[in-house]
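Participant: Have a look at the structure that comes next, please.
Please treat every number below as a calculation from the coordinates, not as lab data. Note that this is a predicted model, so its numbers are computed, not measured. A quick note on method: Cβ atoms are made from the backbone with ideal geometry, for glycine too, and the neighbour counts reach across all protein chains shown.
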Amino acid sequence: MIYIRSQREVLKIEASSRIVADTLALLAKEIRPGITTLRLDRLAEENIRSQNAKPAFKGYNGFPASICTSIDEQVVHGIPSKRELREGEIIGIDVGVLKDGYYGDAAFTYAVGEVDETKRLLMNVTEESLYLGIEQARAGNHLSDIGHAIQSYVESHGFSVVRTLVGHGIGTQLHEAPEIPNYGDPGRGPELKSGMCLAIEPMVNVGTFEVESLEDGWTMVTRDRKPSAHYEHTIAITDHDPLILSTRETG
């Protein structure tokens with residue numbers, strides 16, 4: 001079932017999503033060679049709880065941390081640890097928040113110091129594809145229009161979109177219907193309607209789109225071990241332009 005949220009509900013999702021954005025902004029200032037992902041996780045949890053909210057990921061299906069930290073070939077769901085970040089790496093940070101019964105979710109990929117041209121282009125293309133997908137999240141369009149816009153842009157730059165991991169609806173549950181693939185033909189799937197709240201999240205690889213899980217049961221990596229980037233926003237479909245909720249700016 002795809003939920004149509006009231007204005008009151010959208011405001012609650014926005015409140016959670018703005019804490020997500022605030023947390024990502026805080027962590028962005030801390031990313032540098034030598035810092036551990038466990039330290040980033042603790043900073044995130046402290047910031048979220050200071051705003052009378054809960055880290056949505058902690059304990060979710062047994063996940064052991066408050067954020068996901070995915071480095072280089074790690075696509076998503078990397079578990080924070082005592083491992084230190086190294087110059088030239090990229091790290092995807094995914095943050096989820098639960099406040100007053102509603103969820104927010106967003107992710108960004110950051111450079112650790114100076115990165116090579118391929119990683120920089122990967123980050124730029126993935127982020128740009130996110131906004132192209134969001135642009136298609138309009139009442140009257142179809143769900144697949146989002147993924148088609150993402151896939152077309154990504155592949156025009158020689159990269160690939162992950163097939164087995166998708167975006168999702170969001171609201172009173174972290175993951176709700178519909179699933180939102182980042183690929184596909186346009187004009188297919190459910191018609192988008194005002195009041196739908198979606199987490200759109202392209203995951204883009206330098207090489208093959210194929211991924212696999214590590215032994216920890218969570219961390220997804222590219223099968224060819226080439227770098228991957230991940231960007232995500234929680235958005236609301238309106239009668240006009242799509243509204244990005246996971247931003248520090250007032251909607």
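Participant: Let me make sure I get this right: for segment 56-162, a, b and c are the square roots of the gyration tensor eigenvalues over alpha carbons, sorted descending. Under 1.5 in a/c it's rounded, otherwise prolate if a/b > b/c, else oblate. Which is it?
Facilitator: Details: a/c = 2.50, a/b = 1.11, b/c = 2.25.
Oblate.
Participant: So, one more: Wrap a convex hull around the Cα atoms of segment 1-107, take a quarter of its surface area, and give that in square nanometres. If you can, show how the numbers build up before the last one.
Facilitator: Details: hull surface 29.5 nm².
Approximately 7.4 nm², given one-decimal rounding.
Participant: Compare Gly140, Gly207, Gly92 in a GNM of the chain, Cα atoms joined below 10 Å, and give the one with the largest fluctuation.
Facilitator: Taking springs between Cα atoms under 10 Å, the residue moving most is Gly140.
Participant: Would you report the distance distribution of C-alpha pairs in segment 196-251 as whole percents per 5 angstrom bin, up to the bin with the largest distance?
Facilitator: Final binned percentages: 4, 17, 18, 17, 12, 12, 12, 7, 1, 0.
Participant: Separate question: Could you give the nm distance between label points at Thr36 and Thr164, where each point is 7 Å from its Cα heading toward the beta carbon?
Facilitator: 3.1
Participant: Here's a follow-up. Decide, for segment 87-222, between rounded, prolate and oblate: order the square roots of the alpha carbon gyration tensor eigenvalues as a ≥ b ≥ c, take rounded if a/c falls under 1.5, and otherwise choose prolate if a/b is larger than b/c, else oblate.
Facilitator: Details: a/c = 1.78, a/b = 1.29, b/c = 1.37.
It comes out oblate by the Cα gyration axes.
Participant: Given points 7 Å out from each Cα along the Cα-Cβ axis, report the Arg8 to His240 separation in nanometres with one decimal.
Facilitator: It works out to 2.4 nm between the two label points.
Participant: Out of Ser156, His175, Leu38, whose Cα points farthest toward the positive end of the dipole of the chain (charges: +1 Lys, Arg; -1 Asp, Glu; placed on Cβ)?
Facilitator: Leu38
Participant: Mind checking the alpha-carbon convex hull of the chain and giving the volume per residue in Å³?
Facilitator: Working: hull volume 27.9 nm³, N = 251.
Spread over its residues, the Cα hull of the chain gives 111 Å³ apiece.
Participant: Could you go through segment 213-219 in sequence order and give the Karplus-derived ³J(HN,Hα) for each residue, using 6.51 cos²θ - 1.76 cosθ + 1.60 with θ = phi - 60°, rounded to whole Hz, and x for Gly and Pro?
Facilitator: Karplus values, whole Hz, x for Gly and Pro: 9, 7, 5, 6, x, 10, 5.
Participant: Principal axes first, then extents: for the Cα atoms of segment 61-101, list largest minus smallest coordinate on each axis, whole Å, largest first.
Facilitator: The principal-axis extents, from largest down, are 39, 16, 16 Å.
Participant: While we're on this one: Under a plain spin-label model, where a point goes 7 Å from the Cα along Cα-to-Cβ, how far apart in nm are Asn61 and Glu117?
Facilitator: 3.9
Participant: Over segment 7-244, calculate the relative contact order: mean separation of alpha carbon pairs under 8 Å at least 6 apart, over the residue count, as a percent.
Facilitator: Relative contact order for segment 7-244 comes out at 21 percent.
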